[in-house]
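Structure first, commentary second.
Just so it is clear, none of the values below were taken in a lab; they were calculated from the coordinates. Everything numeric in this text was worked out from a predicted model, so none of it was measured. Glycine gets a Cβ as well: all are built from the backbone with ideal geometry, and neighbour counts include every protein chain shown.
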Amino acid sequence: MSEDLEQFRAETRAWLEANCPQSMRSTFTSEDDIVWGGKNAKFSNPDAKLWLDRMGERGWTAPMWPKQYGGGGLSNAENAVLQSELKRINARPPLYSFGLWMLGPVLLEYANEEQKLEHLPKIVRGEIRWCQGYSEPGAGSDLAGLQTKCEDKGDHWLINGQKVWTSYANYADWCFCLVRTDTSVKHEGISFVLIDMTTPGVETRPIKLISGSSPFCETFFTDVKVPKERMVGRLNGGWEIAKRLLQYERTNISGFGSGARTDVVDIARDNVGLDESGRLEDTDLRARIAEHKMFERAYALSVQRATEEAKAGANVSHMASMFKVAGATLNIERCELMVEAAGSRAFGWSGEGFAPDELAVTRGWLRSKGNSIEGGTTEVNLNVVAKRVLGLRDTQ
Amino acid sequence: MTFTLNEEQNLLKDAARDFCREQAPVTRFRKMRDDKKNGRDPELWAEMAAMGWAGILVPEEFGGAGLGYVGLGVVLEQSGRTLAASPLLSTAMIGASALLLGGTDAQKQEWLPKIAAGECIVAFAVDENAHHAPGKSGLKVAGGKVSGVKKYVADGHIADLFIVAGADGLYLVKADAAGVSKRELITVDSRGAADVTFENAPGEALTGGAELVQKVLDRAAIGLAAEMIGQAQEAFEITSEYLKTRKQFGQVIGGFQALQHRAAKMFTDMELTRSCVMAALDALDRDAKDVSEYASLAKARAADTLHLVTNEFVQMHGGIGMTDVHDAGLYLKRARVAEALYGGAAYHRDRYAKLLGF
């Protein structure tokens, strides 16, 4: 067994050596370096396309998905080897994708064979970029109150309504969407459909955030016709899929972390200064940074522990909400500390007076305020932990 | 690194859980307190030694079990759950590891078999003031004689052997040696302690200097953090059960969102801290380079977590939590002592920052 793994490690190392372009062996320098794929994919560097194509071809953008759907077909142990080899050469992730992180896992679980064969390989190769049609103007924390109407018109579904906070809908090729198929019940009247964004009647409008960026859109559906076979799972069975997908999303947002990638300690060293024994001169800030660094380490160790427990067969899915709360809190705290440590260097908005790193701290701080809202607010996730994990309910 | 217990460690954990529930429940601690024993329960220590716990770290050649730090950690956690009053931390963790790391063959031969058999209680004499500051020790050592004053030595009132910390090394001093005088302290956590004065007391140096002092302090902090996560877990579980049964306004109070959110935050805090404690024990068994980082991480987080959970233990129980007949107060009192012992959260955050280079 371990001999096979050593062989796999040697082959993987050799393949990466030959196929990972040198320029892909470094940390991202800006958001523009991130590859999201799709029909209108943008690459800041031709090597990024090469790297995606090679990894996608091998199925290693989704290393553990089955081979028949384009995945790598790797075992847990093999994937661990692959990840450690990627880390060893500091390889960039070839693809960021809601398809990989959110939709794919639930398609594997709930979709029929035709749907899996149609959609999964394109996700793996980064050919189709997906967006998530969940929240509505009247359905945020109370997501199951969604009203986007989906009517059975015999040979097709007819969809009318509005979604909001649809991440990157203006760049997406397809949307996985929650729609109302029965108005007489709440949770049991929701279905999960896949919508081609080029269908007539689909319109997107970007929302400008306090950070100045527009990662989210409003998405409008007006008499949008969707073929019958694009519903995943059973009619009115969408809520179960939605909840499962949220677990993947929560784990993912919590681990993702928006904001600048600079270390808070480096910012503090540069802007606060050190005393003669090498300590940050602001002792109060220093203590809070130390506490934050411990929180960060504790979080990373806990993710590692949950991963190990999951591999050993424990069901850790209920922990997703806990990690979402902790991860969001951690990132928000990190961004606040960076702004505080940077002093007036964090008060730039644009122009030559501030370095790109400094502007990224400011924008990242503002963007991070969304971390405790998107993918389920901190309050909703604390409800989930209290009810599902601790068993605290209104009546016992 | 691993967070998974092996079969041996799992068996140890189960045995420790059963023993602490059946032989050393909180009622036993309460009786010890009510009988004004100030931490003394020699029968309990004898039973623990018979279970093999005094010698968990001690290699088989010296009469121990040689099961390592993770093994001892799971037992410390279980003993923390029921507030079992014993010198397990000071003797099996600190005493045994100090001798293993810094003892000569002769010193090991002399003390380890006695430790493993439960026949020698060890106490770690570190602090000289109201706050933990091992680097500022004023201990004087000359010609094999040790002089200085040590404050609030945990288990110092029942110890047979002291491990005395100076700024530049550790020294073994027998409790009945000439020049050693103790003043027993009656303490808020009912565990007792002693102020100990050494006046030209005969002391044998352990090998390893200032580095050994740090290594043993790391082990003390990690062992105590393991005990503390056990206390926090028990306090949390009792509180959580109470939220599910106590009714006010015609419903169980656990249905109120204000309490649900606080409970969920406590749970999250505990899970994160548990990962730190497990990683720290594992780092000791791996003899990892960054043990000191893990020690400060585990102790600071355990202190903050236990502080929060014991305060909520009282608050969420309302009036009953303020009464002596309820156990909440027992956990609260032990918590504050444990939080400060071998360095509180602020001390370990400062140390962590230093280790990380800021």
Would you mind ranking A:S350, B:S275 so that the residue whose beta carbon has the fewest other beta carbons within 10 Å leads the list? A:S350, B:S275
Does anyone have the angle between helix B:7-22 and the longest principal axis of chain B? Alpha-carbon axes, 0 to 90°, nearest 10? 70 degrees
Two-site FRET efficiency, A:N112 against B:R183, from Cβ-Cβ distance with R₀ of 56 Å, rounded to 0.05: 0.10
Can you compute the helix-only [θ] at 222 nm over the protein assembly as shown? Use -39500 (n - 2.57) per DSSP H run of at least 4 residues, normalise by all residues, nearest 500 deg cm²/dmol. -15500 deg cm²/dmol
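Quick one: length gained pulling A:W15 to A:K228 fully straight, 0.36 nm per residue minus the C-alpha distance? The partial results should precede the final answer.
On the way: separation 213, 0.36 × 213 = 76.68 nm, distance 4.27 nm.
Between A:W15 and A:K228, full extension yields 72.4 nm more.
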Aspartates and glutamates whose Cα lies under 16 Å from that of A:K153, excluding same-chain neighbours fewer than 8 positions away: A:D182, A:D223, A:E229
What list of ³J(HN,Hα) values in whole Hz, one per residue of the stretch A:105-121 in order, does the Karplus curve 6.51 cos²θ - 1.76 cosθ + 1.60 (θ = phi - 60°) give from phi, with Gly and Pro shown as x? x, 7, 4, 4, 8, 10, 7, 7, 4, 4, 5, 4, 5, 6, 9, 5, x
Between A:E11, A:E218, A:E296, find the one with the highest GNM mean-square fluctuation for chain A; connect C-alpha pairs within less than 10 Å. A:E11
Within 10 Å of each Cβ in B:344-351, the average number of Cβ atoms from other chains: 3
Which far-off residues, 5 or more places away or on another chain, put their amide H under 5 Å from the one on B:K145, with H placed in the peptide plane? B:G203
Scaled to the compact-protein estimate 2.2 N^0.38 Å, what is the alpha-carbon radius of gyration of the stretch B:224-265, rounded to two decimal places? 1.36
For A:E352 paired with A:E151, estimate the spin-label separation in nm (one decimal), with each label point 7 Å from Cα along the Cα-to-Cβ line. 6.1 nm
Choose one answer from B:P202, B:P87, B:P42: the residue with the largest mean-square fluctuation in a GNM of chain B with alpha-carbon springs under 10 Å. B:P42
Greater than 29 Å separation of Cα atoms is the criterion. Which listed pairs, B:K13/B:K36; B:K108/B:K289; B:K265/B:K289; A:K87/A:K163; B:K31/B:K182, meet it? B:K13/B:K36; B:K265/B:K289; A:K87/A:K163
How tilted is helix B:345-355 with respect to the longest principal axis of chain B? Cα atoms for both, answer in degrees (0 to 90, nearest 10). 60 degrees
Could you work out, residue by residue across A:304-313, how many beta carbons of other chains sit within 10 Å of that residue's beta carbon, and then give the average as an integer? 3
Which aspartates and glutamates, if any, have their Cα less than 17 Å from the Cα of B:K215, not counting same-chain residues under 8 positions apart? B:D127, B:D168, B:D282, B:D285, B:D287, B:D290, B:E293
Taking every DSSP bridge whose two residues both lie in chain A, the antiparallel percent to the nearest 5 is 85 percent
Between A:N236 and A:E336, Cβ-based FRET efficiency (R0 30 Å, step 0.05) works out to 0.10
Degrees between helix A:356-368 axis and first principal axis of chain A (Cα, 0 to 90, nearest 10): 50 degrees
Percent relative contact order of chain A, based on C-alpha pairs within less than 8 angstrom and at least six residues apart? 12 percent
Pick from B:K140, B:K150, B:K299: which residue has the top mean-square fluctuation in a GNM of chain B where Cα pairs under 10 Å get a spring? B:K140
Apply 1/(1 + (r/R0)^6) to the Cβ-Cβ distance of A:K186 and A:S26, taking R0 = 51 Å, and write down the FRET efficiency to the nearest 0.05. 0.55
Hey, can you rank A:226-234, A:334-342 by average C-beta count inside 10 Å, highest first? A:334-342, A:226-234
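If we sort A:63-72, A:178-187, A:129-138 on the protection proxy, mean other Cβ atoms within 10 Å, highest first, what's the order?
Ranked by mean Cβ neighbours within 10 Å, highest first: A:129-138, A:63-72, A:178-187.
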Whole-Hz couplings from phi, Karplus 6.51/-1.76/1.60, listed for the stretch A:71-88; x for Gly and Pro: x, x, x, 7, 7, 3, 5, 5, 5, 4, 5, 4, 4, 5, 6, 5, 5, 4
Chain B, relative contact order [Cα under 8 Å, separation at least 6], %: 16 percent
Return P(r) of the protein assembly as shown (all Cα-Cα pairs; 10 Å bins starting at 0; whole %; ordered from short to long distances). 3, 12, 20, 22, 19, 13, 8, 3, 1, 0
Count, for each residue of A:371-383, the Cβ atoms from other chains sitting within 10 Å of its Cβ, then give me the mean as a whole number. 2
In order through the stretch B:36-53: 3J(HN,Hα) via Karplus (6.51 cos²θ - 1.76 cosθ + 1.60), integer Hz, x for Gly, Pro: 6, 8, 6, x, 7, 8, x, 5, 5, 4, 5, 5, 5, 5, 5, 6, x, 6
Among A:L146, B:L44, B:L100, which comes first, second and so on when ranked by fewest other beta-carbon atoms within 10 Å? B:L100, B:L44, A:L146
Length-normalised contact order of the stretch A:2-96, Cα under 8 Å, at least 6 apart, in percent, tallies to 35 percent
For B:Q257 paired with A:Q7, estimate the spin-label separation in nm (one decimal), with each label point 7 Å from Cα along the Cα-to-Cβ line. 5.8 nm
